[in-house]
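The values are calculated or read from the model by the stated rules, or taken from the named source; none is laboratory data. Because the structure is a prediction, the values reported are computed rather than measured. Don't worry about glycine lacking a Cβ; one is built from the backbone with ideal geometry, like all the others, and counts go over all protein chains shown. These accessible areas exclude ligands, DNA and RNA; they are computed on the full protein's heavy atoms, side chains included. Shrake-Rupley method; radii C 1.70, N 1.55, O 1.52, S 1.80 Å.
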Amino acid sequence: MPADLPRRLAVACGMLMAMALPSAAATCERVDHDGQGYVLCEVGAAQEPALRLWQDGPDGAPLRNFANVRRILGPDEDLSFAMNAGMFHADYRAVGLLVIDGVELSPIVTGASRDNFGMLPNGVFCTGGDRPFSVIETLEFAETRPDCRLASQSGPMLVVDGELHPRFLVDSDSRYIRNGVGVAPDGQTAWFAISSRPVTFHEFGRFFRDGLGVRDALYFDGSISRLYAPAVRRADFGRSMGPIIGLVQPGG
């Protein structure tokens, strides 16, 4: 029996249990893979219209934290979960492509750079297009320009067509709390994950590829990664954030 098979089975069983829950809320749970803990939030195709991406509030000022996101929700809305959704400049504006409700607020960036964002290949998380959810490599996205209701560019890609990013080192000593998103091969499910402890890129990528079976996954960040998920009693605070993604459900 492979050494990591029990962990894979635990992840799979957890997701089967999640599928039995009502679709009104995202399913967030604590899972383990290869000795590392993660919080995993699952969003299905039927929930895509309830997924939202924020940068600024109604007054045009950056929202910067989960408390401000919650303040702008309607009286009959609750925040099921939220996390930071990509890298940003000093003024909290997105570094790369940002599309909210079909409106492009920041253009795509295709060049390499020395930071994590520009560790090519990087990519774009897209919702509401030909498939409910997609993670698309940046140059392919720039060439094909698919329609997206929401889109956030970040980098590096964690998993590219079933392979880990070529620059990830199995023996790396660079460890951070990291978060990102992966998409099921059929585009019907998106998994948002954050590590419970500092992990390497290689460990985080393996969680998506080997633990969840995704063929494409995108890194959001690793220095300011935050999660709001009442289901697992998480309401992280700390440094301000740029773009924030989350699922809104009926409440009040």
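In nm, to one decimal, how far is the modelled label at Asp76 from the one at Arg197, with both set 7 Å along Cα→Cβ?
4.6 nm
Please list 3J(HN,Hα) in residue order for the range 75-85, calculated via the Karplus relation 6.51 cos²θ - 1.76 cosθ + 1.60 where θ = phi - 60°; whole Hz, with x for glycine and proline.
Values per residue, Gly and Pro as x: x, 9, 10, 10, 8, 6, 7, 7, 8, 4, 10 Hz.
Using the heavy atoms of the protein chains and a 1.4 angstrom probe, tell me the accessible area per residue for the range 34-250 in square angstrom.
On the way: 9040 Å² over 217 residues.
Using a 1.4 Å probe on heavy atoms only, each residue of the range 34-250 averages 42 Å².
Work out from phi, with θ = phi - 60° and the Karplus expression 6.51 cos²θ - 1.76 cosθ + 1.60, the ³J(HN,Hα) of each residue of the range 94-102, listed in order in whole Hz, and give x for Gly and Pro.
4, 6, x, 4, 9, 10, 10, 6, x
Taking amide H atoms as placed 1.01 Å from N in the peptide plane, list the residues 5 or more away in sequence, or in a different chain, whose amide H sits under 5 Å from that of Asp56.
Residues meeting the criterion, in which the H sits 1.01 Å from N, are Leu63.
Could you order the peptides 191-198, 152-159, 109-116, 137-144 from most to least packed, using the average number of other C-beta atoms within 10 Å per residue?
The most tightly packed comes first, giving 152-159, 191-198, 137-144, 109-116.
For the range 218-226, take each phi angle, set θ = phi - 60°, evaluate the Karplus expression 6.51 cos²θ - 1.76 cosθ + 1.60, and give the result in whole Hz per residue in order, putting x for glycine and proline.
Per residue, the Karplus-derived 3J(HN,Hα) values read 10, 7, 9, 5, x, 10, 10, 4, 9 Hz.
Just to verify a number: what accessible area does Tyr176 come out at with the full protein assembly present, 1.4 Å probe, Å² rounded to tens?
For Tyr176, the solvent-accessible surface is approximately 110 Å².
Give me the net charge of Ala184's neighbourhood, meaning all other residues with Cβ under 13 Å from the Cβ of Ala184; Lys, Arg count +1, Asp, Glu -1. Don't skip to the answer; put the middle values down first.
Numbers: positive: Arg131, Arg209, Arg215; negative: Glu42, Glu48, Asp186, Asp216.
Value of the local net charge: -1.
Rounded to the nearest 500, what is the chain's calculated 222 nm mean residue ellipticity when only DSSP H runs of at least 4 contribute -39500 (n - 2.57) each, over all residues?
Details: 4 runs with 34 residues, N = 252.
The helix contribution divided over the chain gives -3500 deg cm²/dmol.
Name the long-range amide H neighbours of Val109: under 5 Å, sequence gap of 5 or more, or other chain; modelled H, no Pro or chain starts.
It is Leu97, by chain and number.
Normalised by the residues of the chain, what does the relative contact order come to in percent, with Cα pairs under 8 Å and at least six apart? Present the calculation step by step, with values, prior to reporting the outcome.
On the way: 597 pairs, mean separation 71.5, N = 252.
Averaging sequence separation for qualifying contacts and normalising by length gives 28 percent for the chain.
Collect residues whose amide H, placed 1.01 Å from N in the peptide plane, falls under 5 Å from the amide H of Phe88; neighbours closer than 5 in sequence don't count.
So Phe88 has HN proximity to Val95.
To two decimal places, what compactness ratio does the range 129-244 give when its Cα radius of gyration is scaled by 2.2 N^0.38 Å?
For the range 129-244, the normalised Cα radius of gyration is 1.07.
Just to verify a number: FRET efficiency for Tyr92 and Asp186, C-beta to C-beta distance, R0 = 51 Å, to 0.05?
Efficiency computed from Cβ-Cβ geometry: 0.90.
Based on Cα coordinates alone, diagonalise the gyration tensor for the range 184-237, multiply each eigenvalue by 5, take square roots, and list the semi-axes in whole Å, largest first.
On the way: eigenvalues 85, 45, 18 Å².
Over the Cα atoms of the range 184-237, the ellipsoid semi-axes are 21, 15, 9 Å.
Got a number for carbon plus sulfur as a percent of the range 132-192's accessible area, 1.4 Å probe?
48 percent
What per residue convex hull volume, in Å³, comes out for the range 66-193 when only alpha-carbon positions are used? Could the numbers behind the result be given before it?
On the way: hull volume 17.9 nm³, N = 128.
In the range 66-193, the Cα convex hull volume per residue is 140 Å³.
Please report the net charge: other residues with Cβ closer than 11 Å to the Cβ of Asp161, K and R +1, D and E -1.
Working: positive: Arg209, Arg215; negative: Glu137, Glu140, Glu163, Asp216.
Combined, the nearby Lys, Arg, Asp and Glu give -2.
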